Amino acid sequence: MSLYRDPRDKRVFVPKKGGGLVLNFGHPVAWWIVISTTIIPLIIVVGVTIAVMA
């Protein structure tokens, strides 16, 4: 897994040398992408699980 951080680079998605894309963690939008694709679904799953078990 490649990590890329350059606050001066304005691109959110940066091409990797071997092909594909990597997030530029120096760009604030990259952090919103990470939050919206990992933390928010996790909160939903935990909430539904708690609701079903109660």
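Only a single criterion out of (1) more than 13 Å from the chain's Cα centre (by Cα); (2) on the phi < 0 side of the Ramachandran plot; (3) open to solvent by less than 70 Å² (accessible area, probe 1.4 Å) is not satisfied by residue 10, namely (3). Spot the failing condition for residue 7; the list is (1) of a type outside the set (Phe, Trp, Tyr); (2) in contact with a strand residue (DSSP E or B) (Cβ under 8 Å, 6 or more places away or on another chain); (3) part of a loop (DSSP other than H, G, I, E, B), and only one is missed. Only one criterion in (1) of a type outside the set (Phe, Trp, Tyr); (2) in contact with a strand residue (DSSP E or B) (Cβ under 8 Å, 6 or more places away or on another chain); (3) part of a loop (DSSP other than H, G, I, E, B) is unmet by residue 7, namely (2). Applying the set (1) surrounded by 10 or more Cβ atoms within 10 Å (Cβ to Cβ); (2) modelled with pLDDT under 95 to residue 48 leaves exactly one unmet item: (2).
For the stretch 16-38, a tally of residues being open to solvent by less than 80 Å² (accessible area, probe 1.4 Å) and out of contact with any Pro (no Cβ under 6 Å at 6 or more places or on another chain) returns 14.
The values are calculated or read from the model by the stated rules, or taken from the named source; none is laboratory data. No experiment lies behind these values; they were computed from the predicted model shown. Glycine also receives a Cβ, built like all others from the backbone with ideal geometry; neighbour counts cover every protein chain displayed. The accessibility values were calculated without ligands, DNA or RNA, using every heavy atom of the protein model including side chains. Shrake-Rupley method; radii C 1.70, N 1.55, O 1.52, S 1.80 Å.
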